1. Please list the non-local residues whose amide H lies under 5 Å from the amide H of ASN92, H modeled 1.01 Å from N, same-chain partners needing a gap of 5 or more.
2. Keeping all protein chains in place and using 1.4 angstrom, which order do HIS24, HIS94 fall into by accessible surface area, from largest down?
3. Which whole-Hz couplings ³J(HN,Hα) result when phi for each residue of region 87-104 is put into the Karplus expression 6.51 cos²θ - 1.76 cosθ + 1.60, θ = phi - 60°, listed in order with x for Gly and Pro?
4. Using a probe radius of 1.4 Å on heavy atoms only, what accessible surface per residue do you get for region 49-140? Whole Å² is fine.
5. Trypsin sites (Lys or Arg not before Pro), restricted to region 64-158: which are DSSP loop and have at most 14 other Cβ atoms within 10 Å?
6. Please list the non-local residues whose amide H lies under 5 Å from the amide H of GLN58, H modeled 1.01 Å from N, same-chain partners needing a gap of 5 or more.
7. Taking the Cα of ARG96, stepping 7 Å toward and past its beta carbon, and measuring to each backbone N in region 43-68: which are under 16 Å?
8. So for region 2-104, taking the charge dipole from beta-carbon charges (+1 Lys/Arg, -1 Asp/Glu), which of ILE51, LEU81, VAL102 sits furthest toward the positive end?
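The values are calculated or read from the model by the stated rules, or taken from the named source; none is laboratory data. Source: prediction; values computed, not measured. Neighbour counts run over all protein chains shown; Cβ positions are idealised from the backbone, glycine included. These accessible areas exclude ligands, DNA and RNA; they are computed on the full protein's heavy atoms, side chains included. Shrake-Rupley method; radii C 1.70, N 1.55, O 1.52, S 1.80 Å.
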Amino acid sequence: MSEAERTLAGTALTDLVLDLFRLHSRMLASGDRLVAPLGLTSARWQILGAIITAGRPQPVAWLARDMGANRQNVQRIVNDLEEEGLVAFEPNPHHRRAQLVVLTDRGRQTFEAAMRLQAPWANELADGLALEDIETMRRVMSALRSKLDGHADAEEPA
(Lines give C-alpha, C1' and ligand atoms only; values in the text may rest on other atoms or scores of the structure.)
Protein backbone atom coordinates (compact mmCIF):
# COMPACT_ATOMS: atom_id res chain seq x y z
CA MET A 1 0.00 0.00 0.00
CA SER A 2 1.41 3.37 -0.95
CA GLU A 3 1.57 6.43 1.32
CA ALA A 4 -1.28 8.04 -0.62
CA GLU A 5 -3.61 5.11 0.18
CA ARG A 6 -3.30 5.40 3.95
CA THR A 7 -5.95 7.15 5.97
CA LEU A 8 -4.87 9.95 8.27
CA ALA A 9 -5.18 7.52 11.18
CA GLY A 10 -3.16 4.91 9.27
CA THR A 11 -0.39 7.42 8.63
CA ALA A 12 -0.40 8.55 12.27
CA LEU A 13 -0.26 4.94 13.42
CA THR A 14 2.64 4.20 11.07
CA ASP A 15 4.56 7.15 12.49
CA LEU A 16 3.74 5.98 16.02
CA VAL A 17 4.97 2.44 15.28
CA LEU A 18 8.25 3.76 13.87
CA ASP A 19 8.69 5.86 17.01
CA LEU A 20 7.88 2.81 19.15
CA PHE A 21 10.59 0.81 17.38
CA ARG A 22 13.15 3.52 18.12
CA LEU A 23 11.91 3.83 21.72
CA HIS A 24 12.06 0.07 22.19
CA SER A 25 15.71 0.00 21.13
CA ARG A 26 16.60 2.85 23.47
CA MET A 27 14.65 1.32 26.38
CA LEU A 28 16.47 -2.00 25.97
CA ALA A 29 19.86 -0.30 25.81
CA SER A 30 19.05 1.83 28.86
CA GLY A 31 17.70 -1.20 30.73
CA ASP A 32 20.82 -3.18 29.84
CA ARG A 33 23.01 -0.43 31.32
CA LEU A 34 20.83 -0.20 34.42
CA VAL A 35 21.00 -3.90 35.34
CA ALA A 36 24.45 -4.77 33.96
CA PRO A 37 26.04 -4.46 37.43
CA LEU A 38 23.69 -7.24 38.56
CA GLY A 39 24.81 -9.54 35.74
CA LEU A 40 21.53 -9.09 33.89
CA THR A 41 20.38 -7.84 30.52
CA SER A 42 16.96 -6.40 29.78
CA ALA A 43 15.92 -9.75 28.29
CA ARG A 44 17.01 -11.72 31.37
CA TRP A 45 15.35 -9.16 33.65
CA GLN A 46 12.13 -9.42 31.64
CA ILE A 47 12.07 -13.20 31.99
CA LEU A 48 12.69 -13.05 35.73
CA GLY A 49 9.77 -10.61 35.89
CA ALA A 50 7.56 -12.95 33.85
CA ILE A 51 8.34 -15.79 36.26
CA ILE A 52 7.38 -13.63 39.24
CA THR A 53 4.28 -12.23 37.52
CA ALA A 54 3.07 -15.75 36.69
CA GLY A 55 2.61 -16.36 40.40
CA ARG A 56 3.30 -20.07 40.07
CA PRO A 57 5.85 -22.22 38.25
CA GLN A 58 5.20 -22.49 34.52
CA PRO A 59 6.89 -24.18 31.57
CA VAL A 60 8.98 -22.08 29.21
CA ALA A 61 6.29 -22.22 26.50
CA TRP A 62 3.74 -20.60 28.82
CA LEU A 63 6.20 -17.91 29.90
CA ALA A 64 6.96 -17.17 26.25
CA ARG A 65 3.25 -16.99 25.41
CA ASP A 66 2.57 -14.60 28.29
CA MET A 67 5.49 -12.41 27.21
CA GLY A 68 4.48 -12.48 23.54
CA ALA A 69 7.93 -13.89 22.81
CA ASN A 70 9.43 -16.73 20.81
CA ARG A 71 9.64 -19.95 22.86
CA GLN A 72 13.11 -20.83 21.56
CA ASN A 73 14.52 -17.44 22.57
CA VAL A 74 12.98 -17.68 26.03
CA GLN A 75 14.31 -21.24 26.41
CA ARG A 76 17.84 -20.11 25.54
CA ILE A 77 17.72 -17.30 28.10
CA VAL A 78 16.14 -19.52 30.77
CA ASN A 79 18.94 -22.04 30.21
CA ASP A 80 21.48 -19.25 30.73
CA LEU A 81 19.67 -18.14 33.89
CA GLU A 82 19.74 -21.71 35.17
CA GLU A 83 23.51 -21.96 34.55
CA GLU A 84 23.93 -18.80 36.63
CA GLY A 85 21.79 -20.17 39.45
CA LEU A 86 18.97 -17.64 39.05
CA VAL A 87 16.31 -20.18 38.07
CA ALA A 88 15.87 -23.91 38.44
CA PHE A 89 13.76 -26.53 36.72
CA GLU A 90 11.24 -28.67 38.57
CA PRO A 91 9.29 -31.68 37.32
CA ASN A 92 5.93 -30.85 35.80
CA PRO A 93 3.26 -33.27 37.03
CA HIS A 94 1.18 -32.55 33.90
CA HIS A 95 3.90 -32.95 31.27
CA ARG A 96 7.01 -35.08 31.48
CA ARG A 97 9.18 -33.04 29.09
CA ALA A 98 7.98 -29.47 29.78
CA GLN A 99 9.66 -28.78 33.11
CA LEU A 100 8.50 -25.92 35.30
CA VAL A 101 10.71 -22.86 35.73
CA VAL A 102 11.14 -21.52 39.27
CA LEU A 103 13.18 -18.66 40.70
CA THR A 104 15.94 -19.56 43.09
CA ASP A 105 16.59 -17.42 46.16
CA ARG A 106 19.46 -15.84 44.25
CA GLY A 107 17.15 -15.16 41.29
CA ARG A 108 14.57 -13.50 43.53
CA GLN A 109 17.25 -11.35 45.22
CA THR A 110 18.66 -10.33 41.83
CA PHE A 111 15.20 -9.41 40.53
CA GLU A 112 14.45 -7.40 43.67
CA ALA A 113 17.77 -5.57 43.30
CA ALA A 114 16.88 -4.75 39.67
CA MET A 115 13.51 -3.39 40.77
CA ARG A 116 15.19 -1.17 43.36
CA LEU A 117 17.22 0.31 40.49
CA GLN A 118 14.16 0.53 38.26
CA ALA A 119 12.05 2.76 40.52
CA PRO A 120 14.22 5.90 40.38
CA TRP A 121 14.95 5.24 36.69
CA ALA A 122 11.22 5.06 35.86
CA ASN A 123 10.48 8.11 38.02
CA GLU A 124 13.13 10.11 36.17
CA LEU A 125 11.80 9.02 32.77
CA ALA A 126 8.24 9.93 33.79
CA ASP A 127 9.28 13.33 35.14
CA GLY A 128 7.64 16.07 33.09
CA LEU A 129 5.17 13.74 31.38
CA ALA A 130 1.48 14.10 32.14
CA LEU A 131 0.02 11.08 33.93
CA GLU A 132 -3.01 11.32 31.62
CA ASP A 133 -0.75 11.06 28.56
CA ILE A 134 1.02 8.00 29.97
CA GLU A 135 -2.31 6.34 30.75
CA THR A 136 -3.66 7.19 27.28
CA MET A 137 -0.58 5.71 25.61
CA ARG A 138 -0.98 2.54 27.65
CA ARG A 139 -4.64 2.23 26.59
CA VAL A 140 -3.71 2.76 22.94
CA MET A 141 -0.96 0.15 23.10
CA SER A 142 -3.30 -2.29 24.85
CA ALA A 143 -5.98 -1.77 22.19
CA LEU A 144 -3.46 -2.31 19.38
CA ARG A 145 -2.13 -5.45 21.08
CA SER A 146 -5.69 -6.79 21.40
CA LYS A 147 -6.35 -6.13 17.72
CA LEU A 148 -3.13 -7.86 16.74
CA ASP A 149 -3.88 -10.80 19.03
CA GLY A 150 -7.29 -11.11 17.40
CA HIS A 151 -5.63 -11.44 14.00
CA ALA A 152 -2.97 -13.91 15.14
CA ASP A 153 -5.13 -16.98 14.58
CA ALA A 154 -5.93 -16.00 11.01
CA GLU A 155 -2.26 -15.34 10.19
CA GLU A 156 -0.76 -18.55 11.59
CA PRO A 157 -0.03 -21.26 9.00
CA ALA A 158 -2.27 -24.33 9.10
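1. LEU100
2. Descending accessible area places them as HIS94, HIS24.
3. Per residue, the Karplus-derived 3J(HN,Hα) values read 9, 9, 9, 10, x, 9, x, 9, 7, 4, 8, 8, 5, 8, 9, 10, 6, 8 Hz.
4. Result: 70 Å² per residue.
5. Qualifying residues, ordered by number: ARG96, ARG97.
6. Answer set, sorted by chain and number: VAL101.
7. Label zone hits: none.
8. VAL102
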